[in-house]
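Structure record follows, encoded as structure tokens.
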Amino acid sequence: MIEQFRLLEQKLQNHSAYPLTGSVEQVVGTLIESRGPTGCGGDVLWVETQLGNQLACEVVGFRERKALLM
């Protein structure tokens, strides 16, 4: 039974229940302006670079319906 839970946990860690996407509108220094996905202050969003790398970014504010990420 414990092994079944471990397998389920592994599957859940690699799965997003709500795959949301957005786009980077502008980058100024270390600040990223993103249009979507929606989030709250303090949320962590993943930004994929042109090279396919992923960056963890925190929502630090909002401006004109855009999320500000760092």
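The values are calculated or read from the model by the stated rules, or taken from the named source; none is laboratory data. Since this is a predicted model, take the numbers as computed values, not measurements. Using ideal geometry, Cβ is built from the backbone for each residue, glycine included, and neighbour counts are taken over all protein chains shown.
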Taking the range 6-52, which residues are aliphatic (A, V, I, L, M) and modelled with pLDDT under 80?
LEU12, ALA17, LEU20
Residue in the range 31-70 that is surrounded by the fewest Cβ atoms within 10 Å (Cβ to Cβ), counting only those that are outside any loop (DSSP other than H, G, I, E, B), under 12 Å from the mean Cα position of the chain (by Cα) and among the acidic types (Asp, Glu)
GLU48
For the range 11-30, which positions are β-branched (Val, Ile, Thr) and loosely packed, with under 11 Cβ neighbours inside 10 Å?
THR21, VAL28, THR30
